[in-house]
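Just below is one structure, and these are the notes that go with it.
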Amino acid sequence: MKLTSHAFLKELHLLFGGTKGRVDNGIPDGGWNCFAKAFVTMYLCRFRGMEVDVCDGKLLIGQKNVSSPHLTTIEPHAWVGSPQIGVIDLSIHDFEGRNFLPIFQDNAIDISDWVVGTTLKESEFLRISDEFCNLRKDSYMLYFLERNRLFEFEDLFSGSRAVNSPVTTKLLEKFNDDSLLAKGILHLYKFLEGKQNAIALVNRIEAWESLNKWDVDAFSELSLLLK
């Protein structure tokens, strides 16, 4: 199964999605929970031989030729990538009438008219924002990379705190299981490989309760996938 398949994105969102609302500074929160999804995606990519790291920064999303033209900055934002592989962002959810809008190796899957790029310069990020109306194409995503969080398998031993997401940390700390995050990643890996069915529940807490009861040494199984 592909990382960008609807079935996988649905399973990823069931476990690591957030709830729509507003963050502390009043900015609307789409419930993407990008930090947790980026952390998990990094492991799943690594298990498939893709050497990517978590990227922290900002995302500029703009569309002109739509019923409601918009130019939005998502700040902060997290995704995974590398100079060789490009951007992989599986967090964008419920956007412009689409359940998911996955970005894989600098391409918007199933939509050919998006221009996706990355910059290391904030001045370039701001220039594209200022000149958006005059750009040739209609739909743009520009990622401004501020820092990388390099892959360290041992980060998993920190449990839910490792994902840098208050939403996920608060949820998983309901359970007395330091391996629960690893179980979630292992489940998603096995699901991708066709070795495990989707969780037949729609409630996020119940889904994690089912993983909490899973009798498996997730750390050991995941560590073997890197060898």
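Being more than 21 Å from Arg147 (Cβ to Cβ), at pLDDT 95 or above and part of a helix (DSSP H, G or I) narrows it down to one of Phe39, Phe8, so name that one.
Values: Phe39 fails: more than 21 Å from Arg147 (Cβ to Cβ).
Exactly one residue qualifies, and that residue is Phe8.
Search region 177-202 for residues that are more than 16 Å from Leu9 (Cβ to Cβ) and acidic (Asp, Glu) and pair each with any residue that is buried (at least 19 other Cβ atoms within 10 Å of the Cβ) and at pLDDT 95 or above when their beta-carbon atoms are under 8 Å apart and the residues are at least 6 apart or on different chains.
Asp177/Lys183
Examine region 139-146 for a residue that is free of Cβ contacts under 8 Å to residues at least 40 places away in the same chain, outside any loop (DSSP other than H, G, I, E, B) and either outside the structural domain of Ser68 (by TED's automatic domain parsing) or closer than 19 Å to Leu3 by Cβ (or both), and state whether such a residue exists. Walk me through how you get there before you give the answer.
Taking region 139-146 as the starting set, the residues that turn out to be free of Cβ contacts under 8 Å to residues at least 40 places away in the same chain are none.
For region 139-146, residues free of Cβ contacts under 8 Å to residues at least 40 places away in the same chain, outside any loop (DSSP other than H, G, I, E, B) and either outside the structural domain of Ser68 (by TED's automatic domain parsing) or closer than 19 Å to Leu3 by Cβ (or both): absent.
Scanning region 193-227 for residues that are surrounded by 13 or more Cβ atoms within 10 Å (Cβ to Cβ) and assigned to a loop (DSSP other than H, G, I, E, B), which turns out modelled with the lowest pLDDT?
Ranking the candidates gives Leu201 first.
Give region 57-95 a look and list any residue that's acidic (Asp, Glu) and buried (at least 18 other Cβ atoms within 10 Å of the Cβ), or say none. It would help to see each step written out before you state the result.
At the first step, the residues of region 57-95 found to be acidic (Asp, Glu) are 75, 89, 94.
Within region 57-95, Asp89 is the sole residue that qualifies.
How about region 168-190: which of its residues are assigned to a helix (DSSP H, G or I) and surrounded by fewer than 19 Cβ atoms within 10 Å (Cβ to Cβ)?
Of all residues in region 168-190, those assigned to a helix (DSSP H, G or I) come to 168-172, 180-190.
Correct list: Thr169, Lys170, Lys190.
Any idea which of Glu146, Glu51 is farther than 22 Å from Ala182 by Cα and either surrounded by 14 or more Cβ atoms within 10 Å (Cβ to Cβ) or at pLDDT 90 or above (or both)?
Working: Glu51 fails: farther than 22 Å from Ala182 by Cα.
Going through Glu146, Glu51 in turn, the sole match is Glu146.
The values are calculated or read from the model by the stated rules, or taken from the named source; none is laboratory data. Note that the structure is predicted; figures quoted are calculated from it, not measured. As a convention, Cβ positions derive from the backbone with ideal geometry for all residues, glycine included, and neighbour counts pool all protein chains shown.
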